[in-house]
Amino acid sequence: MLFKVALACHYRIALNDKRTGFGVPEIKLGLLPGAGGTQRLVQKLSLPDALDLVLTGKEIKVKKAKSMGLVDDI
């Protein structure tokens with residue numbers, strides 16, 4: 001749920017830690033992300049990148065999120 005709140009913010013700063021990750025893991029349980037997570041991911045990322053996260057439930061790390069434009073600063 002915190003990731004979807006972060007997507008609603010204008011600026012995102014992430015901690016460069018091995019435990020920090022971004023994704024929608026509820027997909028693995030067969031649930032749809034709530035709080036507009038699917039719509040906001042498509043707005044922030046390219047369509048193929050957003051679909052990859054939404055359809056697989058993968059978690060991306062901080063440096064990749066920064067290169068994709070999901071995080072503004074590390």
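The values are calculated or read from the model by the stated rules, or taken from the named source; none is laboratory data. A quick note: this is a predicted structure, and the numbers were derived from the prediction, not measured. Cβ coordinates were reconstructed from backbone atoms using ideal geometry, including for glycine residues, and neighbour counts include every protein chain displayed. Heads up: the accessible areas ignore ligands, DNA and RNA and are worked out on the full protein's heavy atoms, side chains in. Shrake-Rupley method; radii C 1.70, N 1.55, O 1.52, S 1.80 Å.
Assorted remarks:
- Checking Leu55, Leu15, Leu51, Leu47 one by one, the residue that is loosely packed, with under 15 Cβ neighbours inside 10 Å, closer than 17 Å to Leu2 by Cβ and more than 9 Å from the chain's Cα centre (by Cα) is Leu15 and no other.
- The single residue among Gly69, Gly21, Gly37 that is in contact (Cβ under 8 Å) with a residue 40 or more places away in the chain and small (Gly, Ala, Ser) turns out to be Gly21.
- Positions within region 32-44 being among the aliphatic types (A, V, I, L, M), in a helix (DSSP H, G or I) and open to solvent by 60 Å² or more (accessible area, probe 1.4 Å), in sequence order: Val42
- Screening Leu51 with (1) closer than 19 Å to Ala8 by Cβ; (2) of a type outside the set (Lys, Arg); (3) part of a helix (DSSP H, G or I) gives one miss only, at (1).
- Taken as a whole, the structure leaves Lys63 outside the set of residues that are open to solvent by 100 Å² or more (accessible area, probe 1.4 Å), charged (D, E, K, R), farther than 13 Å from Leu2 by Cβ and in contact with a Ser or Thr (Cβ under 9 Å, 6 or more places away or on another chain).
- Just one of the numbered conditions (1) open to solvent by 60 Å² or more (accessible area, probe 1.4 Å); (2) under 16 Å from Gly69 (Cβ atoms); (3) not β-branched (Val, Ile, Thr) is not true of Leu29: (2).
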